[in-house]
Amino acid sequence: MNFRQILTAPNQLTLLRMIFLPFIVINLVGRHFNTALILFILAGLSDGLDGLLARKLHQQTLLGQYLDPIADKLLLSTMFLVLSIEYRAVVPWKFTVVVFSRDISILLISGVLFMIAGLRDFRPSIFGKANTFAQVAAVFFALLFLVAPVLWVSWTLKFFLRATFWFTIISAVHYAFLVQKRLHAHSPGGAASR
């Protein structure tokens with residue numbers, strides 16, 4: 001890997017997003033909900049900005065392709081975990097268990113497929129992107145509810161938690177289908193049979 005990849009603006013923003021995480025958690029556990037919410041919004045903005053910069057500056061790198069989803073999963077999984085531990089009335093455990101189960105399964109399967117078959121193409125599907133959006137929205141509204149516990153925020157939070165639950169399951173099933181398809185195409189017999 002070229003060291004210059006780390007120095008690109010998009011990858012620096014991704015690393016910054018990872019640096020935000022402990023400060024979000026510290027403020028959340030310390031019940032400084034406004035600060036935690038602001039830091040989470042900044043982390044979310046950095047996520048959108050790094051992708052935009054990568055395209056505009058033509059700085060899409062192999063490191064960025066791996067680092068960006070890792071940063072996203074680290075941020076969201078940690079937020080779900082902390083919210084369920086500290087504020088399980090806001091984010092019940094079943095949602096966190098589903099999110100963690102899917103993410104750990106995907107990481108393990110990706111690692112095994114890379115080692116066994118050399119597969120590197122793990123771009124998110126439309127369902128995976130919808131799942132990530134639902135998770136981001138659920139965490140945002142959970143933090144907003146801790147800042148302002150009003151009825152419309154509670155309803156919106158419940159909507160996005162349910163969306164997260166179903167998109168997690170749908171995207172996991174779809175991912176399994178895609179893996180099977182890519183393995184078939186990657187195998188010598190699979191490519192010839194088409």
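Values as computed for the structure displayed
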| quantity | calculated |
| --- | --- |
| Number of the condition not met by L49 [criteria: (1) closer than 30 Å to V153 by Cβ; (2) modelled with pLDDT under 70] | (2) |
| Residues (touching a helix residue (DSSP H, G or I) at 6+ places or on another chain (Cβ under 7 Å) and over 16 Å from V136 (Cα atoms)) located in segment 29-44 | V29, F33, N34, T35 |
| Search result, residues across segment 128-154 that are surrounded by fewer than 19 Cβ atoms within 10 Å (Cβ to Cβ) and within 11 Å of the chain's Cα centre (by Cα) | K129, A130, F133 |
| Close pairs from segment 1-29: first under 21 Å from L81 (Cβ atoms) and charged (D, E, K, R), partner at pLDDT below 80 and in a helix (DSSP H, G or I), Cβ under 7 Å, at least 6 apart | R17/D47 |
| L42 being aliphatic (A, V, I, L, M), assigned to a helix (DSSP H, G or I) and either modelled with pLDDT under 75 or more than 18 Å from the chain's Cα centre (by Cα) (or both) | no |
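The values are calculated or read from the model by the stated rules, or taken from the named source; none is laboratory data. No experiment lies behind these values; they were computed from the predicted model shown. No Cβ is skipped: glycine too gets one built from the backbone with ideal geometry, and neighbour counts run over all protein chains shown.
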